[in-house]
1. Have a look at Trp22, Trp100, Trp222 and tell me which one the Gaussian network model of the chain (Cα, springs below 10 Å) gives the largest fluctuation.
2. Please identify, among Arg15, Arg65, Arg74, the residue showing maximal mean-square fluctuation in a Gaussian network model of the chain using a 10 angstrom Cα cutoff.
3. Considering the chain as a Gaussian network with a 10 Å cut-off on Cα pairs, which listed residue, Ala147, Ala126, Ala210, attains the greatest mean-square fluctuation?
4. Can you give me the Kirkwood hydrodynamic radius for the chain, using every pair of distinct Cα atoms, in Å to one decimal?
5. Divide by every residue of the chain the summed helix terms, -39500 (n - 2.57) for each DSSP H run of at least 4, and state the resulting mean residue ellipticity at 222 nm, rounded to the nearest 500 deg cm²/dmol.
6. Counting Lys and Arg as +1 and Asp and Glu as -1, each charge on the Cβ, what is the dipole of the chain about the Cα centre in debye, to the nearest 20?
7. Under the definition of Cα pairs under 8 Å and six or more residues apart, what whole-number percent is the relative contact order of the chain?
8. Sort Asp160, Asp77 by Cβ crowding within 10 Å, fewest neighbours at the top.
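Nothing in this text is a laboratory measurement; each read-out follows from the coordinates by a stated rule. Keep in mind that what you see is a predicted model, and the values were worked out from it rather than measured. Positions of Cβ are backbone-derived with ideal geometry, glycine not excepted, and every protein chain shown enters the neighbour counts.
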Amino acid sequence: MTVGARRAALRTRLRRFARREWGPLLTTVGTALSKRGARAVPMTLTAVGLTALAQIAQNQPWGYRPVMDLGAVRAEDPLGAALLRTPLSLFVPALDLPVWGALAQILLVFGVAEICLGRWRTLAIAYVATLAGTLYARVGVALGPGAFLGLPASDAEIVDTGPSAAVVGLALVVCSRYRARWTAGALLVALVGECLLKDNLAGREHLAAASAVLVLLAVLEWRRRGGLRPRAR
């Protein structure tokens, strides 16, 4: 086989892989956007606007404290206050990261999820993933750095905001729904690599969010297959 023939065969295999891995997903998203445009993702656009507004406010002398009081979560906070702030914390960009990253994540991943999963299911999964990361931080700090999955006491003071945990959870659910197994696998490998290369609170929380969503998907699949069926007598 000539070099040109091998290249052509490789391109053919890559196209087939792309159609198999992302074809159904891209068809669903493309059809929704072509038919409805921005009306297909009203929740996503609202979330982008809310995140931009929070970014502007928290960088102003008059807005920093209100944004922190409403949406900043720390492991040292009382549990009740943390739970109340967790939903809004998705839309408060981390101060040490560029805001365009958070906006792009919400626009892309939340938008795809809203089209593929529906508005309320998207919000529910985003909350579950974010809550898993938030609760893990509290447990990890309580365990201490010497324990398995433990965290140093200083992590209790870190302000925990942003959509990244929700993005991880939503991406895994969408991949599961559309059988994009290689993409889901690559995402999980990237999350593990993130922790190995830079072991910090954010990376640990991303893994906690992924773990919670994987458990949720396993339970839903188990129920779909019948769960605990009564034994025949």
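1. Per the Cα network of the chain with a 10 Å cutoff, Trp222 tops the list.
2. Most flexible of the set in this elastic network: Arg15.
3. Ala147
4. Values: mean 1/r = 0.0512 Å⁻¹.
Radius from the Kirkwood sum: 19.5 Å.
5. Numbers: 10 runs with 164 residues, N = 233.
The per-residue figure over the chain is -23500 deg cm²/dmol.
6. Details: 28 positive and 13 negative charges, 432 e Å.
Here the chain has a charge dipole of around 2080 debye.
7. Values: 267 pairs, mean separation 49.4, N = 233.
Relative contact order for the chain comes out at 21 percent.
8. On the way: Asp160 24, Asp77 17.
The most exposed by this proxy come first: Asp77, Asp160.
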